[in-house]
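The values are calculated or read from the model by the stated rules, or taken from the named source; none is laboratory data. Computed from a predicted structure; not experimentally measured. Positions of Cβ are backbone-derived with ideal geometry, glycine not excepted, and every protein chain shown enters the neighbour counts.
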Amino acid sequence: MKPKLAFYWCASCGGCEVAILDLNEALLDLVEKADIVFWPCAMDFKRSDVEKMGDNHIDFSFINGAIRTSEDVEMADLLRKKSKHVVAFGSCSCFGGIPGLANLSSKKEMLERIYDTESTEERAVFPSVKFEFDGEILTLPEFLDEAKPLEEVIKVDYFIPGCPPQTEQTLEALDSLLNGRSDKKVFASAKSVCEECPRQKEDKKLSTIKRIYEIQDDGRCLLEQGIPCLGPATAGGCGARCVKANYPCTGCNGPTQEAIDQGARMIASLASALGIEDEEKMEEKKVDELIDEIIDPVGTFYKFSLPKSILKKRWRDLDKSKTIGGRS
Amino acid sequence: MVFEPKILAFLCNWCSYAGADLAGVSRFQYPPNVLPIRVMCSSRVSPEHIFQAFDQGADGVFVAGCHPGDCHYINGNYKTLRKVKLTKKMLEQIGINPKRLRLEWISSVEGVKFAEVVREMTEELKELGPIER
Ligand code: SF4
Ligand code: SF4
Ligand code: FES
């Protein structure tokens, strides 16, 4: 019997769905080898179709997107129940991804920004989860307090990171999963992007931080040219394709295997790579100036992994000291 | 009840740990709020350790290393300085008061300084109150 596959999206941009279509001809091979039993983005399936299935009916459910609403949680639970294996597909599902950066704001702040500012026609009308109209009850999923990776709500068997996952990565994963020889749990390299990167490394210290348009690219390591490249903190497996296209790695493949926290690992790497003249004098002012050149450390170093990091979201500690006037 | 902050201190083996030891054998008084961890060099402390400390309930993290020029691994403390400054910046963006992280250079003869810094930090953290998620 052909294995059964499901594809579902939670809080996602749709890019991961396109990544499946990007398999091109290989997609035709895939439908030869497997039956797609649920894929609401591309085919007409309803939630009730899944509800009718028996437990473990689906062989592999590929779920992309972060967990952001109560509906995402319900669908993840449902697909978990109906599937033998669940695959977190793409960086949002694996680490929270770009939607995870919303964890820097609270739910209240976000709703106020959207529904209660100068730009809103009717101020302070917030969406409610239940609404009666003409004797009918209309409902909406609840917007949760924070964005989470899939693993925080259900057990996940396999991870395919990437924003979106590279075609080669997806094909390799599909091939080994469908043939029952998946020795991997995470379909990324155990080594960092730097190991796959062809650029020349000279172990030179960078004394200033630059933006990509400010350099005359000479083919050397981008980090050594002053560009914050996330290669050292990021798992390879993508073939370092951004760096090969002269763009710094932004970290979409998530932390390397031995790093617990991608952003923390990156600031450690950056601290070692930075250097100033006469550093023995330790002129703090000079160090401060250099550090000040890094504008948005959280947004840059946790671009894809804030909900999966150690601190996970914005803490309320500073807000408190602001109100008692204790800020440094 | 008075709030007693918990401070996790990473002390480098060659200078700062010896400094803390001196404070002890000289019987200098300092608050019992600090829990020391000995590391071979201040640069062994990674931002991951600092974040984990806060995540697991520390109200403050104190990193101490050899004075500039004195690091036994030549330039470890320079890296520590940059690392701690970057981590503070990150903490502020995450919403944790950067004052909760402190870096000091303490040599093996600076028992007095160790006691003073712990006292100061404890007072400062008492004023800030417990860390809030
Ligand atoms: S830091 Fe970036 S450019 Fe440098 S080696 Fe690593 S991936 Fe390549
Ligand atoms: S180079 Fe970095 S950002 Fe680009 S695909 Fe690879 S991991 Fe993702
Ligand atoms: S050995 Fe003390 S800071 Fe490096």
Original post:
Within the stretch B:60-88, can you find the residues that are among the aliphatic types (A, V, I, L, M), more than 9 Å from every other protein chain (Cβ to nearest Cβ) and over 13 Å from the mean Cα position of the chain (by Cα)?
Top reply: B:I74
Subject >> Sole exception among (1) modelled with pLDDT under 95; (2) crowded, with 21+ Cβ neighbours inside 10 Å for B:P68, by number >> reply: (2)
Subject >> Sole residue being more than 22 Å from A:K155 (Cα to Cα) and in contact with a helix residue (DSSP H, G or I) (Cβ under 7 Å, 6 or more places away or on another chain), chosen from A:A76, A:A66, A:A88, A:A102 >> reply: A:A102
**OP:** Could you figure out which of (1) surrounded by 17 or more Cβ atoms within 10 Å (Cβ to Cβ); (2) touching a Gly at 6+ places or on another chain (Cβ under 6 Å) isn't true of B:S26?
**Re:** (1)
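Which ones in the stretch A:161-187 are over 23 Å from A:P3 (Cβ atoms) and modelled with pLDDT under 95?
none
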Original post:
Which helices (runs of 4 or more DSSP H) does the stretch A:253-328 wholly contain that include 2 or more residues that are modelled with pLDDT of 95 or more and within 19 Å of B:L86 (Cα to Cα)?
Top reply: A:262-273, A:297-301
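Being away from chain B (no Cβ under 14 Å), hydroxyl-bearing (S, T, Y), more than 16 Å from ligand 1 (Cβ to nearest atom) and under 30 Å from A:E32 (Cα atoms), is that true of even one residue in the stretch A:208-216?
No, the stretch A:208-216 contains no residue that is away from chain B (no Cβ under 14 Å), hydroxyl-bearing (S, T, Y), more than 16 Å from ligand 1 (Cβ to nearest atom) and under 30 Å from A:E32 (Cα atoms).
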**OP:** Could you grab me the full set of residues in the stretch A:138-152 that are within 14 Å of the chain's Cα centre (by Cα) and among the aliphatic types (A, V, I, L, M)?
**Re:** A:A147, A:L150
**OP:** Consider B:D55 carefully, then state whether it is of a type outside the set (A, V, I, L, M, F, W, C), within 19 Å of B:L128 (Cα to Cα), within 14 Å of chain A (Cβ to nearest Cβ) and out of contact with any helix residue (DSSP H, G or I) (no Cβ under 9 Å at 6 or more places or on another chain).
**Re:** yes
Original post:
Within the stretch A:244-270, restricting attention to residues that are among the polar types (S, T, N, Q) and closer than 29 Å to B:S42 by Cα, which residue is farthest from the other protein chains (Cβ to nearest Cβ)?
Top reply: A:T250
Original post:
Given the conditions (1) without any contact (Cβ under 8 Å) to a residue 40 or more places away in the chain; (2) touching a Lys or Arg at 6+ places or on another chain (Cβ under 8 Å); (3) buried (at least 24 other Cβ atoms within 10 Å of the Cβ), which single one is not true for B:T80?
Top reply: (2)
Original post:
Just one of A:L138, A:L171, A:L178 is touching a Phe, Trp or Tyr at 6+ places or on another chain (Cβ under 6 Å) and surrounded by fewer than 18 Cβ atoms within 10 Å (Cβ to Cβ); which is it?
Top reply: A:L138
